[in-house]
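J.: Let me give you the structure first, and then I'll get to my questions.
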Amino acid sequence: MPGAAARDVLRLAQPRPRWFTPGLIAGIGSAVMAVALLACSAWLITRAAEMPSLAFLGLAVVGVRAFAIFRSVLRYLERLTSHDAAFRQLAELRLGIFRRIVPVAPAGLASTGRGDLLTRLVRDVDDLQDLPLRVVQPLLVAALTALLSVIGIWLIVPAAGLTLLVCLLLAAVLGTILSGRLAATADRELAPLRGALADEVLEVIENLDVLTAFDALSPRLAQLARTDARLRRATLRRSVGVGVQSAVVSLFAGLATLGALYFGIPALGTGGGLLSPNLLAPTLVVAVLVPMAVFEVFGMIPLAASAWRQVRVSARRVADVVPASPPAEIPVDIENSLALPEYDRDEFVLELTDVGAHWPGQTEPGVAGVSLRLAPGDRVHLAGPSGAGKTTLAQALVRFLDYTGSYRLGGVEARLLAQTEVRRMVGLCEQRPWLFDDSIRQNLLFARDTATDAELLAVLARVGLADWAAQRGGLNARVGERGALVSGGQAQRIALARALLADFPVLIVDEPTANVDTAGADALVRDILTAAADAHRAVLLISHTPVPDDLITSRVTMPFRG
Ligand SMILES: Nc1ncnc2c1ncn2[C@@H]1O[C@H](COP(=O)(O)OP(=O)(O)OP(=O)(O)O)[C@@H](O)[C@H]1O
């Protein structure tokens, strides 16, 4: 059985009864019409062969037409309404999942590969729509149609009805067991293999330069080919399972037909069931042929078992990345979280006392025992050896990670404030700033969408990008995927420009010189501190690069943590 979190995802995937029931009713109606059409046609053809007066056949002729028309109309309605319900639910499911992801991201998602994460959120979530379409609805339609047909045949030739029942049960049980034996592992492997393949493809593409430089591309491509081959084999095994299921269903359809002949022929002219005490040839033909139509509908049951296995794995994979409640290390807004009371920007102070933070799943804290104070106009250089916890501290200050100790903003404890409120006050320029594959304009505008072009150009000039932007053709120049068309230093300057546009009272700049050479690093640090310096803003610069005294107001050095 799936765990509680996966069950929760499955509940989210099943459309509410109001949306689901019309499709179910139309599906049952369409399947019953298909069986009735075959029964009526069989009776009509056999009876017509006896050449009775046309008056005897009129009702059956009308019946054949009516059943054929209703079958098609109901089938159309079934498709329309059941898919509509599944798609509506899918939209809700995606929204529900994104709502759950938001509090966990970014720190809580760091341990899942990006390709796999994408596959889970796109492909696995898509697969969840199979729950109503390929599991719940087919099971209900097939079970009900089979039951009605068994009763119908039992009323014509009781022994044939019982044979049909036994054949249906055996087909369901054996088909499911056999396909389980052949394809259960493949059904369960498919989704994780798709995720692994996406992860590997993404990794090879993103790291092509490194892999080529170290002549390590061939082993990676070979690994990729192996994963691809495993995925192909799993898909093939699944198809074999489906094929065997169909064979089992066809076999029992034949046996049910033979059973109807075996029990029906001796009963001809004498003892039929309640419906036909005097069993005639046309009625017997109905009992003989109806199983064919029933098995066509019933063939969905073993397929539903296979779909269920896949849906279950997908639900588990989605649940793994979107826990119903985030891990303890990820902050959650408290009930009735506060908005910051009116504050005077000239007196807005950030104060840390003995602050620590953990990454999800880690027993040792990523940072511990930090105390510092940032007031407007302060420019503090935070230094410390690699691994001391500087980035971890920055993540805690913007509330991507929860903290221990005391972290006060404008005199209010940060955990009492809504996270959005904290992020309105404290901005972060990350070590690897995220640039969208769009124009410079769009990369700036999302920090303040009311900014005019003149304001955007002014802020670019402030961060030292005026000439570069002009050379590139102005604000419409593109920056490439994740900033592929700009240098590390330029990416940092664009990130700073948008932070300046957002005008945070407290700005944290994390290792801006990580991807810049020494000469460029000095200039970048100087430009950043000069551009960000403002009597109304506090700046915390995290940097390995030495910073001249005239650019900062104080220094904090974090100790080495072994
Ligand atoms: N996403 C993460 N998940 C788990 N642990 C992490 C994660 N990021 C950092 N850590 C751990 O937290 C500790 C502090 O790392 P952090 O990156 O904050 O150090 P840092 O001082 O910023 O180092 P550097 O100067 O090299 O950037 C390290 O032990 C690191 O392994």
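J.: What pairs come out if I take residues in the range 49-75 that are assigned by TED's automatic domain parsing to the domain that holds Ala34 and pair them with residues that are modelled with pLDDT of 85 or more and among the basic types (Lys, Arg) whose C-beta lies under 8 Å away, six or more apart or interchain?
T.: As it stands, the answer is Phe56/Arg47; Leu57/Arg47; Ala60/Arg47, since those pairs meet every condition given.
J.: If you don't mind, another one. Checking the conditions here, which among Ala383, Ala394 is in contact with a Leu (Cβ under 8 Å, 6 or more places away or on another chain) and either touching a residue at least 12 places away in the same chain (Cβ under 8 Å) or within 16 Å of Pro360 (Cβ to Cβ) (or both)? Can you show your working first?
T.: Numbers: Ala383 fails: in contact with a Leu (Cβ under 8 Å, 6 or more places away or on another chain).
Testing whether each residue is in contact with a Leu (Cβ under 8 Å, 6 or more places away or on another chain) and either touching a residue at least 12 places away in the same chain (Cβ under 8 Å) or within 16 Å of Pro360 (Cβ to Cβ) (or both) leaves just Ala394.
J.: Taking the range 324-364, which residues are surrounded by fewer than 17 Cβ atoms within 10 Å (Cβ to Cβ) and within 16 Å of the ligand (Cβ to nearest atom)?
T.: Listed by number, the residues that qualify are Pro327, Ala328, Gly361, Gln362, Thr363, Glu364.
J.: Can you name the number of the only condition in (1) on the phi > 0 side of the Ramachandran plot; (2) touching a Lys or Arg at 6+ places or on another chain (Cβ under 9 Å); (3) without any contact (Cβ under 8 Å) to a residue 40 or more places away in the chain that Asp453 fails?
T.: Looking at each condition in turn, Asp453 falls short on (1).
J.: Identify all residues within the range 365-377 that are surrounded by 19 or more Cβ atoms within 10 Å (Cβ to Cβ) and closer than 19 Å to Leu507 by Cα; write none if there are none. So that I can check it myself, show each step before the final result.
T.: From the range 365-377, those surrounded by 19 or more Cβ atoms within 10 Å (Cβ to Cβ) are 366-368, 370, 374; that's our starting set.
Answer for the range 365-377, where residues must be surrounded by 19 or more Cβ atoms within 10 Å (Cβ to Cβ) and closer than 19 Å to Leu507 by Cα: Val370, Leu374.
J.: Moving to a separate point now. Output yes when any residue across the range 61-81 is more than 30 Å from Gln129 (Cβ to Cβ), of a type in the set (Val, Ile, Thr), surrounded by 12 or more Cβ atoms within 10 Å (Cβ to Cβ) and in contact with a helix residue (DSSP H, G or I) (Cβ under 9 Å, 6 or more places away or on another chain), and no when none is.
T.: yes
J.: Among the listed residues Asp522, Asp510, Asp517, Asp550, identify the single one that is more than 26 Å from Ala454 (Cα to Cα), within 16 Å of the ligand (Cβ to nearest atom), in the same structural domain as Leu409 (by TED's automatic domain parsing) and charged (D, E, K, R).
T.: Numbers: Asp522 fails: within 16 Å of the ligand (Cβ to nearest atom); Asp517 fails: within 16 Å of the ligand (Cβ to nearest atom); Asp550 fails: within 16 Å of the ligand (Cβ to nearest atom).
Asp510 is the lone residue from the list that is more than 26 Å from Ala454 (Cα to Cα), within 16 Å of the ligand (Cβ to nearest atom), in the same structural domain as Leu409 (by TED's automatic domain parsing) and charged (D, E, K, R).
J.: How do the pairs read when you match residues in the range 165-180 that are loosely packed, with under 15 Cβ neighbours inside 10 Å with residues anywhere that are not basic (Lys, Arg), using Cβ under 8 Å and keeping only pairs 6 or more apart or on different chains?
T.: none
J.: If we scan the range 555-562, do we find a residue that is basic (Lys, Arg) and closer than 19 Å to Arg432 by Cα?
T.: Within the range 555-562, the subset basic (Lys, Arg) is 555, 561.
So of that shortlist, the ones also closer than 19 Å to Arg432 by Cα come out as none.
No; the residues of the range 555-562 include none that is basic (Lys, Arg) and closer than 19 Å to Arg432 by Cα.
J.: Only one of (1) buried (at least 21 other Cβ atoms within 10 Å of the Cβ); (2) modelled with pLDDT of 85 or more; (3) under 33 Å from the mean Cα position of the chain (by Cα) is not met by Val486, so which one is it?
T.: Every condition holds for Val486 apart from (2).
J.: Please pick out the residue among Arg237, Arg220 that is in a helix (DSSP H, G or I), more than 30 Å from Leu140 (Cα to Cα) and in contact with a Leu (Cβ under 7 Å, 6 or more places away or on another chain). Even if it seems obvious, please write down each step before you answer.
T.: Numbers: Arg237 fails: more than 30 Å from Leu140 (Cα to Cα).
Going through Arg237, Arg220 in turn, just one is in a helix (DSSP H, G or I), more than 30 Å from Leu140 (Cα to Cα) and in contact with a Leu (Cβ under 7 Å, 6 or more places away or on another chain): Arg220.
J.: Out of everything in the range 525-547 that is polar (S, T, N, Q) and within 16 Å of the ligand (Cβ to nearest atom), what residue ends up being modelled with the highest pLDDT? Give the steps one after another, and end with the answer.
T.: Residues of the range 525-547 that are polar (S, T, N, Q), as a first pass: 530, 543, 545.
This time we only want the ones that are within 16 Å of the ligand (Cβ to nearest atom), so: 543, 545.
Working: Ser543: 88, Thr545: 80.
If we take residues in the range 525-547 being polar (S, T, N, Q) and within 16 Å of the ligand (Cβ to nearest atom), then Ser543 is modelled with the highest pLDDT.
J.: Same structure, new question: Just the residues that are at pLDDT 90 or above, over 29 Å from Val321 (Cα atoms) and within 13 Å of the ligand (Cβ to nearest atom), please, taken from the range 370-408.
T.: If the condition is that a residue be at pLDDT 90 or above, over 29 Å from Val321 (Cα atoms) and within 13 Å of the ligand (Cβ to nearest atom), then Val370, Leu382, Ala383 are the ones that fit.
The values are calculated or read from the model by the stated rules, or taken from the named source; none is laboratory data. These figures come from a predicted structure and were not determined experimentally. Don't worry about glycine lacking a Cβ; one is built from the backbone with ideal geometry, like all the others, and counts go over all protein chains shown.
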